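Colleague: One structure, as structure tokens, below. Some questions next.
Readers should treat all values here as calculations from the given coordinates under stated rules, not as data from a laboratory. Keep in mind it's a predicted model, so treat the numbers as computed, not measured. Using ideal geometry, Cβ is built from the backbone for each residue, glycine included, and neighbour counts are taken over all protein chains shown.
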Amino acid sequence: MTQTLDFFGPDAANLLTEHRLALKLQEAQDLQTALGRPMTLTEATIFSIQLSEHCSYKSSRPFLKGFPTTGPTVLLGPSEDAGVLKVFDYQGESYGIAVGHESHNHPSQIVPYEGAATGIGGIVRDILCMGARPVGTLDQLRFGNPENLLNRNIASGVVAGVAGYSNPLGVPNLGGDVFFDDGFNENCLVNVTALGALRHSDLIHSYVPKEAAEENWEFIIVGKPSDNSGFGGASFASGSFEEDDDLEAKKAAVQEPNPFLERHLVASILDLIEKLKADGLFDKIALKDLGAGGVVCATVELAHGGGYGADINLDQLHVARDGYAPHVVACSETQERFCFACHPSLTERIIDHFQNTWELGKVAANAGASKVGTVRADGRYVVKYHGETLCDATADLITQGILYDRPYELPTRPDTTTEVSFEDGTLILN
């Protein structure tokens, strides 16, 4: 039986704590009012993740819109999985570099190797989703005082995690920088960037086209079987560490990396892209990485980007084992997964490509491809599992339901002068 949560009831605040929902009570009540009824546990989990700062930028969005995002070299600004910058034109074609950037700070603080490794995996998937061939990664690292043993261990684990994923993936780490400062003693910063090469005409979008509802486009999940690893990672990444935190519980929100499977996925997806281009079917797909929020996040954003909703049936999703709670299946952040949206005439071809031609199941147990849903025209996003409705809301509410315009004051700082010197090739700030 689908569990429902009433955030106007006497135990409302306890419900948020009990289910580890990263929502304030007022937010939950506003969402319940918008729905017109108590929400299911799956809906509350979806809102907690999808409307986190990590996914929707609910308080930083107004400030981010102030940055310049267009220019003569910008082929695609910050609106999809990665941006694309033009490098040169040749024989009427623009050639560019796809650039993606993300942070994996909290995960790397508590599980350094896995946190940094999955950061590399996720940002490379974002590049690939644009139709680009990954050519390199960069990392920008900030750690606490190196005289502290914990900080040294974190730094060592992060560097090993970057190498431990990039090397078997076959995408070289091209450079970056690292700084140590007491200000990062409580939380390191692990920022990773990926670069990919592509022709402008090869660009794949991370939203369905305007004809998708009329043509009944479908969604296919490709890659590792869904499990409970990384569940709640987006909400965790949007919060802050507190002294009374249950760090063991937070470690469960860090995903488990499999770079060998991702290398296989990169090769198989690039192969599929070339075959579709050769057959004149390249415009019949859209593609998105499964990161924060899992199946729900990828499918709702693909659909909403085209102005639509979706019908999702989780019964058809390939999973690592039976017995996961419905909200975990819907929102788990299992790594090494992609979501294709495609014209229905391509669905079986795409599934066969990954299941049989590239035999994903022989690379990782239960890996594969499965159709999970269809675009719907009315803008509603509906998720069902074992005959029960887990979610029934507008795609717009799920992706953009909370926006804050927070007051702020610019701090005043005294003028300072920094002496700069070089010693043995190292920049020293005095």
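Colleague: How much length would be gained if the chain were fully extended between Lys362 and Thr69, taking 0.36 nm per residue of separation minus their Cα-Cα distance, in nm to one decimal?
Modeller: 101.2 nm
Colleague: Candidates (i) 24.4, 77; (ii) 21.9, 68; (iii) 21.3, 61; which is the computed Rg and Dmax of the Cα atoms in Å?
Modeller: Answer by label: (ii).
Colleague: Along the Cα→Cβ direction, 7 angstrom out, place labels at Ala34 and Leu149. What is the inter-label distance in nm?
Modeller: Here the modelled spin labels are 4.8 nm apart.
Colleague: Here's something else I'd like to know. Quick one: compute the contact order of the chain, relative version, from alpha carbon pairs under 8 angstrom and 6+ residues apart, as a percent.
Modeller: 19 percent
Colleague: Right, next: Starting from 0.36 nm per residue, how many nanometres of slack lie between Gln91 and Arg133 once their C-alpha separation is accounted for?
Modeller: Here the answer is 13.0 nm.
Colleague: Check Val74: other-chain or 5+ apart residues with amide H under 5 Å from its amide H, H built from backbone geometry?
Modeller: Lys86
Colleague: What's the extension gain from Glu214 to Leu429 if we count 0.36 nm per residue and subtract their Cα-Cα distance?
Modeller: Roughly 71.3 nm would be gained on extension.
Colleague: Additional query: Separation between the Asp405 and Phe260 pseudo-spin-labels, each 7 Å from Cα along Cα→Cβ, expressed in nm?
Modeller: 5.4 nm
Colleague: Which order do peptides 373-380, 400-407 fall in by mean Cβ count within 10 Å, highest first?
Modeller: Highest mean packing first, the order is 373-380, 400-407.
Colleague: Taking Lys275 as the anchor, which lysines have their alpha carbon closer than 30 Å to its alpha carbon, excluding any fewer than eight residues away along the same chain?
Modeller: By straight Cα distance, Lys275 reaches Lys86, Lys210, Lys224, Lys284, Lys288, Lys362, Lys371.
Colleague: OK, next. Which distance in nm do the two modelled labels at Leu174 and Arg199 give, with both placed 7 Å along the Cα-to-Cβ direction?
Modeller: Result: 2.1 nm between the two label points.
Colleague: Hey, another quick one. Please work out the FRET efficiency for the pair Gln3 and Ser59, using the Cβ-Cβ distance as r and a Förster radius of 45 Å; give the result to the nearest 0.05.
Modeller: 0.95
Colleague: Identify all aspartates and glutamates with a Cα-Cα distance to Lys277 below 12 Å; exclude those on the same chain that are fewer than 8 residues away in sequence.
Modeller: Asp202
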